[in-house]
Amino acid sequence: MELYAAIDLHSNNSVLVVTDAEDHVIFAKRLRNDLEMLVTALRSCPGDVRAVGSRANCALHSDATQARIS
C-alpha cells in the first residue's frame, strides 16, 4: 500500500499524519520532536511511505523580533 505523510512542526512537538492514496487516515498523532520517535511511528504504518511533506510553524515573540531589528 502506498502511503503519504505530513509533519506539522512546532517548537516542542510535531503532528504526524499518514494517509493512503485514497486519503484514508492511517496514523495521526502529536509527538515530541524526536527523530527516532517520528521514524518509529512511520515504520509502524503498514505499507511504503512514498513521500513526506512538512510545515514549520515558528512564531517569534514581537519583543525578540524588535530587539533584532534595533
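Across the stretch 40-45, computed HN-Hα scalar couplings (Karplus, 6.51 cos²θ - 1.76 cosθ + 1.60, θ = phi - 60°) run 4, 4, 4, 5, 6, 7 Hz from first to last residue, x flagging Gly and Pro.
To put it simply, the accessible area of the stretch 1-62 at a 1.4 Å probe is 52 percent carbon and sulfur.
The values are calculated or read from the model by the stated rules, or taken from the named source; none is laboratory data. Please read all numbers here as calculations on a predicted model, not as lab measurements. Note: areas computed on protein heavy atoms with side chains; ligands, DNA, RNA excluded. Shrake-Rupley method; radii C 1.70, N 1.55, O 1.52, S 1.80 Å.
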